[in-house]
Structure formats: structure tokens, C-alpha cells
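The values are calculated or read from the model by the stated rules, or taken from the named source; none is laboratory data. Computed from a predicted model, the values in this text were never measured in an experiment. Here Cβ is always computed from backbone atoms with ideal geometry, including for glycine, and neighbour counts include all displayed protein chains. Only protein heavy atoms, including side chains, enter the accessible area calculation; ligands, DNA and RNA are left aside. Shrake-Rupley method; radii C 1.70, N 1.55, O 1.52, S 1.80 Å.
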Amino acid sequence: TAVEQDDLRDRIVLKNGRVVEGRVATPFGRDKMLVMQGGKRVRVDVAEIAEKKLVADRLGEFFARRHQHKGSRRALRYLVDWAETAGLPGMARLQAMELVLEDNTDAVMHRFLGHRLRNKKWQWPSGSKWLTLDKLRERMLERPRRLVGERFALRCDAGLLANVRALLDLERLGVEWFARFGDSLQLKEVLEIIEIQTFRNGLEFPKWGFRPRPFFEPPPHADLGRTFYAGPSPERPEDLFFLGTQGLLYRTMIGEVNRQNSRSRVCAWLEIGLGMHMQHIMQGPAGSALPGKPKKLDLKALTALGRGYRLTHLVHLPMYGSFYLTDDTATATNWSAAAMFVTWLLEDKKQEKTRASFLTYVRAALADRLGDSSTAFDQIMGKPIEQFDEPWRVWLNKLAGN
């Protein structure tokens with residue numbers, strides 16, 4: 001698109017003084033980095049780089065500043081200008097929108113967003129119309145509004161402030177995803193925005209199976225994550241970080257799935273497990289998510305321990321049939337087992353060190369498309385999956401305080 005061709009916000013300075021501008025597609029490249037300049041691809045030797053200034057780093061700084069100034073409205077208004085100057089227009093607009101939705105009298109932020117004052121009421125642009133906030137909210141029920149960040153965009157049919165905060169949380173998730181796994185998984189940058197759609201309740205939500213449960217449909221199909229708000233006064237959409245991680249997996253590693261089958265996934269248990277791992281890690285109030293020690297760990301996996309559940313069973317499960325189709329104990333156990341096995345494999349403080357080899361396996365399964373191959377798992381992890389059953393169960397029991 002024209003926007004992508006104009007996007008030269010990443011800047012690399014080489015040791016010989018030459019400057020390369022564009023968007024860095026492979027920021028963790030060991031030997032070379034691929035820089036996109038619209039339709040043109042430029043490869044840069046990592047050894048020749050003297051300095052790099054990337055959108056990703058400025059995005060990290062935006063959230064550090066936002067966290068630092070979270071109690072000060074004045075400082076957050078300055079942050080809007082900082083983000084605009086730093087080449088983060090999506091973040092500048094989101095921060096300004098949050099400020100305006102918290103205080104409708106903030107004329108400076110209204111003007112920054114291009115709103116106009118008529119009869120002492122601020123009007124927002126909506127298509128070809130100008131609407132007051134009340135009218136805009138009515139219209140959103142019929143025509144969802146799209147909010148745009150840097151790596152994510154979000155379409156919503158209600159709750160503008162809640163959804164602005166949800167999008168800020170998704171962007172913070174993106175920062176955390178790259179900080180945790182960027183180098184070890186050789187992640188690609190998100191240069192094509194991840195689309196998420198939220199629905200105002202579970203009834204409006206087009207469920208994918210027996211009960212409403214957030215799901216991501218990968219490219220080349222809908223290329224869209226869908227979730228909803230549940231309960232009387234929800235803070236966040238359901239499983240927001242799980243859903244965001246699904247989108248990140250497809251943009252940063254997997255690419256596309258089988259064109260013939262929209263239910264196809266590369267490695268279902270791994271995609272569910274990594275998504276739920278991030279869901280458990282990202283915590284804090286809406287709009288101000290921060291990573292923490294996994295809380296609320298899902299111990300339904302324990303109910304399966306006495307029922308002959310084996311890890312060999314988990315790794316070949318299909319996404320739709322085993323994680324979405326029905327609402328029963330077996331499905332709940334599959335979700336829990338996937339989440340808890342991934343969490344255990346990533347746990348670094350246990351006696352059996354599995355993290356490094358597991359990350360090698362994640363890359364092989366998802367980026368190299370080895371999928372749910374048992375042979376790949378056994379070879380990369382250094383022993384058959386059956387031999388992980390016992391230590392994993394012992395850890396689960398300990399976690400549950402048994």
C-alpha cells in the first residue's frame with residue numbers, strides 16, 4: 001500500500017556513514033537484516049551497523065514513559081506530543097483519545113484529534129458526518145469504529161474508552177512478546193497490522209463452536225481475531241492477550257495456513273499454550289497492562305491426571321475439534337494442559353532445564369513448519385515426549401499445593 005511505501009521510520013546508520021531508511025523486517029537477523037522500502041528489499045550486514053533507531057524501540061519507550069507518568073494528566077498530554085514527534089502517530093492518537101474520553105472538556109486533545117466545537121459540544125468525524133460522542137456511540141452499534149495503533153488495530157461496536165485501553169494493552173503485549181522471545185525465536189517485525197474485533201457481549205459475538213470463546217482466524221482466511229466483553233462491567237475483552245498472541249504468532253513466525261481449510265493450524269497445542277502463557281503473564285488494570293509472574297494458573301490439567309491423559313495425546317489435537325467444538329471437561333482439560341505444559345517447558349528455575357531446547361522446538365514447529373511432528377519434538381527436546389509426563393505432573397501437583 002501507499003502507506004507502507006512511505007513508511008521509512010526505521011533508520012540504520014552503517015559504519016561507513018551510509019544511512020538506510022525503511023522498515024526492518026528481520027530485526028533479530030544474525031548475519032543480515034532485511035529492510036523494506038515499499039516494494040524494495042534491502043539487505044544490510046549486521047556487522048556493518050553502527051547505529052539503529054527502530055520504531056520498536058520507540059514503542060518500548062512510549063510505554064515506559066506512560067507507566068512512569070500514569071498519575072499525571074499533564075505529563076500524559078506531553079506524551080501525546082512526544083509520540084507524534086517520535087513517529088508513533090497511532091500511539092499519539094490513542095493516548096489523546098484516552099485523555100478526551102476521561103475528560104470531554106480537554107480542548108487541546110480534541111483539537112489534536114481533529115474534532116470540532118459546535119454549539120458548545122465537541123463533534124467527532126465519522127465517515128462523512130460529524131457526531132457528538134453520544135451520537136457516535138449510537139452509530140457504532142451499526143458501524144463499528146476502527147482504532148489504529150502500531151502493530152494492532154481494533155474494531156469495536158461499543159465502549160470506546162474500554163476499547164482504546166484494550167488496544168493500548170495489545171500494543172504493550174507486542175512490546176513484551178518481542179522482549180521475551182524476539183532474539184531466541186528470531187521473530188519478524190509486524191509490518192502488516194494485526195486486526196482484532198471486539199463485540200459488546202457474547203450474544204453479538206459470532207462463536208466458533210459450542211460456546212463463545214475468543215479465536216483467531218489466520219491468513220489467508222479472515223486474518224482476524226475476535227473477542228467479546230462478558231459480565232456486567234468488564235474491564236477487558238475476554239482472553240485479550242491470548243488473542244493478541246495468536247495474531248503475533250502468525251505475523252512474526254508462521255505466515256499463512258492451508259488455503260483450502262480455515263480450521264487448519266500449524267501446531268494447535270503450541271499456539272494455544274503460548275497464547276495462554278502470555279494471557280497469564282500480562283496483568284494490571286485495563287490500559288496499563290504489565291508483565292508479572294503468571295497468576296491465576298489454570299489447574300484443570302490436574303483433573304486429567306487420574307484419567308490417563310498423556311502428553312502424547314495433547315500434541316496432535318486439532319484446533320477446532322479439540323479446543324473449540326464442544327463445551328465439556330475434555331475441552332477444558334485440553335486448554336489447561338496446553339497452557340500448563342508450555343508454562344512448565346518455559347520455566348527456568350526447575351531442575352530439568354527445558355527452556356532453550358523448547359524455544360528451538362517452537363521455531364522449528366512454527367517458523368520452519370514442522371507442525372505437531374512427534375519426531376521433531378523428541379529430537380529437539382533430547383528425549384521422547386512420554387518422558388516429560390512424570391516431571392510435569394509432579395510440578396503441577398506441587399503448584400496446586402498437593
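How high is the relative contact order of the chain, given as a whole-number percent (alpha carbon pairs under 8 Å, six or more residues apart)? Don't jump to the answer; show the numbers that get you there.
Working: 660 pairs, mean separation 41.5, N = 402.
Over the chain, the number comes to 10 percent.
In debye, nearest 20, what is the charge dipole magnitude of the chain about its Cα centre with +1 on Lys and Arg Cβ and -1 on Asp and Glu Cβ, if you could check? Numbers along the way, then the final one.
Details: 63 positive and 49 negative charges, 186 e Å.
Computed charge dipole of the chain: roughly 900 debye.
Using the Kirkwood radius over Cα pairs, work out the Stokes-Einstein diffusion coefficient for region 25-141 at 4 °C and 1.567 mPa s, in µm²/s as a whole number.
Details: Rh = 17.0 Å.
For these conditions, the coefficient is 76 µm²/s.
Between ASN201, ASN334, ASN261, which gets the highest mean-square fluctuation from a Gaussian network model of the chain, Cα cutoff 10 Å?
ASN261
As I understand it, the dipole of the chain uses +1 on the Cβ of Lys and Arg and -1 on the Cβ of Asp and Glu, about the Cα centre. Which of PHE377, PRO218, VAL266 lies farthest toward its positive end?
PRO218
Which of THR132, MET91, VAL108 sits closest to the plus end of the dipole of region 64-136, meaning its Cα is farthest towards the positive end, when Lys and Arg get +1 and Asp and Glu get -1 on the C-beta?
THR132
Principal axis extents for region 258-402, Cα atoms only, whole Å, descending order, please.
The Cα atoms of region 258-402 stretch 41, 37, 30 Å along their principal axes.
From zero outward in steps of 10 Å, how is the percent of C-alpha pairs of the chain spread across the bins?
It works out to 4, 21, 30, 25, 14, 5, 1, 0, in whole percents.
Restricting things to Cα coordinates, could you compute the convex hull volume per residue of region 131-208 in Å³?
Values: hull volume 9.0 nm³, N = 78.
Hull volume normalised by residue count: 116 Å³.
Can you give the local net charge around ALA56? Use residues other than it whose beta-carbon is closer than 14 angstrom to its beta-carbon, Lys and Arg +1, Asp and Glu -1.
Values: positive: ARG9, ARG11, ARG23, LYS52, LYS53, ARG58, ARG151, ARG172, ARG180, LYS188, ARG251; negative: ASP7, ASP10, ASP57, GLU61, GLU150, GLU171, GLU176, ASP183, GLU189.
Cβ neighbours under 14 Å give a net charge of +2.
Would you list THR252, THR26, THR326 from the most to the least accessible area, probe 1.4 Å? Mind dumping the intermediate values first?
Numbers: THR252 0, THR26 40, THR326 60 Å².
Order by accessible area, largest first: THR326, THR26, THR252.
May I ask you to compute the full-extension gain from GLN351 to ALA230, defined as 0.36 nm times their residue separation minus their alpha-carbon distance, rounded to one decimal in nm? Can you show the working numbers first?
Values: separation 121, 0.36 × 121 = 43.56 nm, distance 3.98 nm.
Stretched fully, the GLN351-ALA230 segment lengthens by 39.6 nm.
Report the Cα-based extents of region 89-222 along its three principal axes, largest first, to the nearest Å.
Principal-axis extents of region 89-222 (Cα, largest first): 55, 37, 24 Å.
Let me check something: with ligands and nucleic acids excluded, how do ASP134, ASP10, ASP378 order by accessible area (1.4 Å probe), largest to smallest?
I get ASP134, ASP378, ASP10, largest accessible area first.
Tell me the mean residue ellipticity at 222 nm calculated for the chain from its helices only (DSSP H runs of n ≥ 4, each -39500 (n - 2.57), averaged over every residue, nearest 500). If you can, show how the numbers build up before the last one.
Details: 15 runs with 160 residues, N = 402.
That comes out to -12000 deg cm²/dmol.
Which whole-number percent of Cα pairs in region 185-342 have a distance greater than 18 Å? Walk me through the numbers before you get to the answer.
On the way: 7552 of 12403 pairs.
That fraction is 61 percent.
Which FRET efficiency, nearest 0.05, do THR326 and HIS69 yield, Cβ-Cβ r, R0 56 Å? Display every interim value, and only then the final one.
On the way: r = 47 Å, r/R0 = 0.84.
Efficiency, rounded to the nearest 0.05: 0.75.
PHE210: net charge of surrounding residues, Cβ under 14 Å, Lys/Arg +1, Asp/Glu -1, itself excluded?
For residues surrounding PHE210, the net value is +1.
Of ALA47, SER72, GLY159, which is farthest along the charge dipole of region 23-181 in the positive direction, counting Lys and Arg as +1 and Asp and Glu as -1 at C-beta?
Positive-most Cα among the choices belongs to GLY159.
Explain nothing, just the number: relative contact order of region 329-379, from Cα pairs under 8 Å at least 6 residues apart, as a whole percent. Walk me through the intermediate numbers first.
Values: 20 pairs, mean separation 9.2, N = 51.
This gives 18 percent for region 329-379.
Within the set LYS53/LYS188; LYS188/LYS350; LYS70/LYS121; LYS188/LYS293; LYS70/LYS135; LYS188/LYS383, which residue pairs have Cα atoms separated by over 19 Å? Walk me through the intermediate numbers first.
On the way: LYS53/LYS188 16 Å; LYS188/LYS350 30 Å; LYS70/LYS121 28 Å; LYS188/LYS293 26 Å; LYS70/LYS135 30 Å; LYS188/LYS383 30 Å.
Distance filter (> 19 Å) returns LYS188/LYS350; LYS70/LYS121; LYS188/LYS293; LYS70/LYS135; LYS188/LYS383.
Would you mind working out the magnitude of the charge dipole of region 1-107 relative to its Cα centre, with +1 at each Lys and Arg C-beta and -1 at each Asp and Glu C-beta, to the nearest 20 Debye? The partial results should precede the final answer.
On the way: 20 positive and 17 negative charges, 72 e Å.
The calculation lands at about 340 debye.
Using only the alpha-carbon atoms, what does region 193-279 span along each of its principal axes? Please give whole angstrom values in decreasing order.
38, 25, 25
Given a 1.4 Å probe and heavy atoms of the protein chains only, how would you sort SER128, SER336, SER373, largest accessible area at the top? Mind showing how you got there, number by number?
Values: SER128 115, SER336 0, SER373 40 Å².
Ranked from most to least accessible, the order is SER128, SER373, SER336.
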